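Here, each number is a calculation from the coordinates, and none is a lab measurement. Only a predicted model underlies this, so the values are computations on that prediction, with no experimental measurement involved. Cβ sites come from the backbone with ideal geometry, for glycine too, and all protein chains shown count toward neighbours.
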Amino acid sequence: MGVERANIAVLQSGGCTPVINESLWAVVNGSQTSFPSSQIFGSLRGIEGLISDSLTDLCSVTDSSWAAIRQTPGAALGATRKKLNDTDIQPLLDTLDRHGI
């Protein structure tokens with residue numbers, strides 16, 4: 001028996017490459033195909049979005065918006081190079097729990 005529903009958080013981090021948004025779309029598209037009843041959240045500014053509960057609904061992005069995002073350089077969700085510290089862990093876990101991730 002496979003997983004029927006799995007809420008997903010997607011993060012972008014590190015240096016921005018020319019294909020980072022194409023990769024974001026591929027993750028969202030593949031997740032929607034594999035888990036059509038799941039919610040897919042984009043974490044704004046990478047791990048910082050999970051710490052501060054700054055998530056956006058990637059399932060609501062239109063096809064025309066994805067077409068533009070896929071061609072846009074830089075990280076559409078924003079990226080960070082933040083390193084986690086001990087005080088970040090509980091807020092991060094709370095965000096995951098709150099969204100069923």
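What to note about this one:
- Ranked list, fewest to most other Cβ atoms within 10 Å of each Cβ, for ASP57, ASP94: ASP57, ASP94
- Per residue Cα convex hull volume in Å³ - calculated over the stretch 8-95: 83 Å³
- Distance between modelled label sites at LEU93 and CYS59, nm, 7 Å Cα→Cβ extension: 2.7 nm
- Alpha carbon centroid spacing (whole Å) that separates the stretch 5-33 from the stretch 34-87: 7 Å
- Between VAL27, CYS16, ILE89, the Cα set farthest toward the positive side of the dipole of the chain (charges on each charged residue's Cβ, about the Cα centre) is that of CYS16.
- Length available on full extension from ASN29 to ASP86: 0.36 nm per residue minus the Cα-Cα distance, which gives 17.2 nm.
- A helix-only calculation puts the chain at -13000 deg cm²/dmol for mean residue ellipticity at 222 nm, using -39500 (n - 2.57) for each DSSP H run of at least four residues, averaged over all residues.
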